[in-house]
Amino acid sequence: MDKAIRLATFFRNANNKFFIAKLKEQQYEEYGKYYSIAAPGETRWNSYYNVCVSLFRTQKALQVIYFNNYKLIIL
């Protein structure tokens, strides 16, 4: 669950505009529309569920971004 929260937080952070733009491009290519990734709230247990659902919904696009930009992510 910690990795899911870190991933959701990464894509919700405005400092990561390059990867957010890549995700949106890939989502549109894969699904024909954009999906937002939910951010967890500290007091709502449903928010953790929503984080997982939003990540599963866009899983294929996330995998493509990871493999296409592996060198950028690691460095």
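Residues in segment 36-52 that are surrounded by 13 or more Cβ atoms within 10 Å (Cβ to Cβ) and within 13 Å of MET1 (Cα to Cα): ALA39, PRO40, SER47, TYR48, ASN50, VAL51, CYS52.
Does ALA21 meet the test of being assigned to a helix (DSSP H, G or I), hydrophobic (A, V, I, L, M, F, W, C) and crowded, with 16+ Cβ neighbours inside 10 Å? Judged against the criteria, ALA21 is not a match.
Rule-based calculations on the coordinates, nothing more; no lab input. As the structure is a prediction and not an experimental result, all values here were calculated from the model. Cβ: placed from backbone, ideal geometry, glycine included. Neighbour counts: every protein chain shown.
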